[in-house]
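The values are calculated or read from the model by the stated rules, or taken from the named source; none is laboratory data. The structure presented is a predicted model; accordingly, all values stated were derived computationally and were not measured. FYI the Cβ positions are ideal-geometry reconstructions off the backbone, even for glycines, and counts take in every protein chain you see.
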Amino acid sequence: MKSYKISYYVLYVMFAAIIAVLALFFMGGDAQGDAVLPLDPSIWQPAQTDTLLYLMYILGAVAILVTLIAGVVKFGASLKENPVAALKSLSGLILLVAVFVITWVMGSDEVLNITGYEGTQNVPFWLKATDMFLYTTYILTVGTLVAMLFGAIKKKLS
């Protein structure tokens, strides 16, 4: 019950941080100085874009860390009780790694011709990484929808 209360409070702290950063993003004014991109002055450039991006990076990293730690703890606990079930619990992780490898191979490494872009990320590694994450997101979204559909069908039939 204690872990439930901790996760409950952490969830609300995260909601508060997200709402605060979104408020800063939408009501924080326009970018000034070096933060202004010289592409098109008619495009709105919020002042707190970096803050929003950093929050998303932090939340993504926390989600990955918590997932990995919880998986290792669960695996360790179930390994003592039921080794076969513990090894089966790794199947999801193995499948995710396989999806990452397949989507990495599917990704394009062709350098893009972007007008006005002079950054350093338009290189084959980052292009393949971006494609990998996009394709993985698509696959996981479709997998989630299929699992929800089959779960609902199974529940209705039983």
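The single condition from (1) small (Gly, Ala, Ser); (2) under 22 Å from Tyr57 (Cβ atoms); (3) outside the structural domain of Pro38 (by TED's automatic domain parsing) that Gly71 fails is (3). Exposed (fewer than 11 other Cβ atoms within 10 Å of the Cβ), closer than 30 Å to Asp34 by Cβ and not assigned by TED's automatic domain parsing to the domain that holds Gly29: does that describe Gly60? No.
Report whether or not Asn113 is surrounded by 13 or more Cβ atoms within 10 Å (Cβ to Cβ) and modelled with pLDDT under 95. Judged against the criteria, Asn113 is not a match.
Residue selection: Glu81 fails the criterion of being among the acidic types (Asp, Glu), assigned by TED's automatic domain parsing to the domain that holds Tyr135 and either without any contact (Cβ under 8 Å) to a residue 40 or more places away in the chain or under 25 Å from Leu68 (Cα atoms) (or both). Of all residues in region 57-76, those that are of a type in the set (Lys, Arg) have Cβ atoms under 8 Å from Cβ atoms of residues that are surrounded by 10 or more Cβ atoms within 10 Å (Cβ to Cβ) and assigned to a helix (DSSP H, G or I), 6 or more apart or on another chain, in Lys74/Ser89.
Elements of the type helices (runs of 4 or more DSSP H) sitting completely within region 79-158 and holding at least 2 residues that are within 25 Å of the chain's Cα centre (by Cα) and within 30 Å of Pro38 (Cα to Cα): these cover 124-157.
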